[in-house]
Amino acid sequence: MILWHNPRCSKSRAALALLTGRGVTPTIRNYLDDAPDLDELRAARAALGLPVIDMMRPGEPDFRALGLTRDSDDETLLRAMAARPKLIERPVLFSSGRAVIGRPPENVLSLL
């Protein structure tokens, strides 16, 4: 299991605590320091099975600063996340070709 994690985010910390409390120690990827590239973001989208916009934090100031909208095309949104990883919704847990966004944190338990 791999967790795209932001240690400053309470939801991300809560998801990690839920996992470790059940004896699961995921590989932690601080995605702000080790940003996923376009191919990884495309793979994440496929694993999540969600629209690209649902992988994003549209409330982030960068979302508006880049001129993005909920109607922006997928490629534009993916490129924005690759360039500015703080636009990626967090946390994201990956396991065996599947993924979930940990909002609420309990969502991560569905991959156990």
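Laboratory data are not the source of any read-out in this text; all were calculated from the coordinates shown. These numbers come from a predicted model, not from an experiment. Cβ: placed from backbone, ideal geometry, glycine included. Neighbour counts: every protein chain shown.
Filter region 37-66 for residues that are surrounded by 13 or more Cβ atoms within 10 Å (Cβ to Cβ), touching a helix residue (DSSP H, G or I) at 6+ places or on another chain (Cβ under 7 Å) and not hydrophobic (A, V, I, L, M, F, W, C) and give the result.
Within region 37-66, Arg42, Arg45, Arg57, Glu60, Asp62 qualify.
Pick out the one residue from Ala99, Ala44, Ala83 that is over 26 Å from Ala14 (Cα atoms) and of a type outside the set (S, T, N, Q).
Ala83
Counting only residues that are of a type in the set (A, V, I, L, M) and closer than 21 Å to Asn30 by Cα, which one in region 67-89 is surrounded by the fewest Cβ atoms within 10 Å (Cβ to Cβ)?
If we take residues in region 67-89 being of a type in the set (A, V, I, L, M) and closer than 21 Å to Asn30 by Cα, then Ala83 is surrounded by the fewest Cβ atoms within 10 Å (Cβ to Cβ).
Suppose we keep only residues that are touching a His at 6+ places or on another chain (Cβ under 8 Å) and aliphatic (A, V, I, L, M) within region 16-36. Which one would you say is surrounded by the most Cβ atoms within 10 Å (Cβ to Cβ)?
Going through the qualifying residues, I end up with Leu16.
Yes or no, residue by residue, for (1) within 12 Å of the chain's Cα centre (by Cα); (2) within 19 Å of Asp33 (Cβ to Cβ):
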| residue | (1), (2) |
| --- | --- |
| Asp74 | no, no |
| Leu77 | no, no |
| Leu87 | yes, yes |
| Arg90 | yes, yes |
| Ile101 | yes, no |
| Glu106 | no, no |
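Quick check on my filter: what residues within region 1-48 are among the polar types (S, T, N, Q), closer than 25 Å to Arg79 by Cβ and in a loop (DSSP other than H, G, I, E, B)?
Result: Asn6, single match.
If Lys11 passes every condition in (1) loosely packed, with under 11 Cβ neighbours inside 10 Å; (2) within 12 Å of Val108 (Cα to Cα); (3) charged (D, E, K, R) but one, which one does it miss?
Every listed condition holds for Lys11 apart from (1).
Working only within region 59-112, note down all residues that are part of a strand (DSSP E or B), of a type outside the set (Phe, Trp, Tyr) and touching a residue at least 60 places away in the same chain (Cβ under 8 Å).
Selection gives Ile88, Val92, Leu93, Ser95.
Scan region 49-58 residue by residue and report those that are of a type outside the set (D, E, K, R) and outside any loop (DSSP other than H, G, I, E, B).
Applying the first criterion (of a type outside the set (D, E, K, R)) to region 49-58 yields 49-53, 55-56, 58.
Hits for region 49-58 are Val52, Ile53, Met55, Met56.
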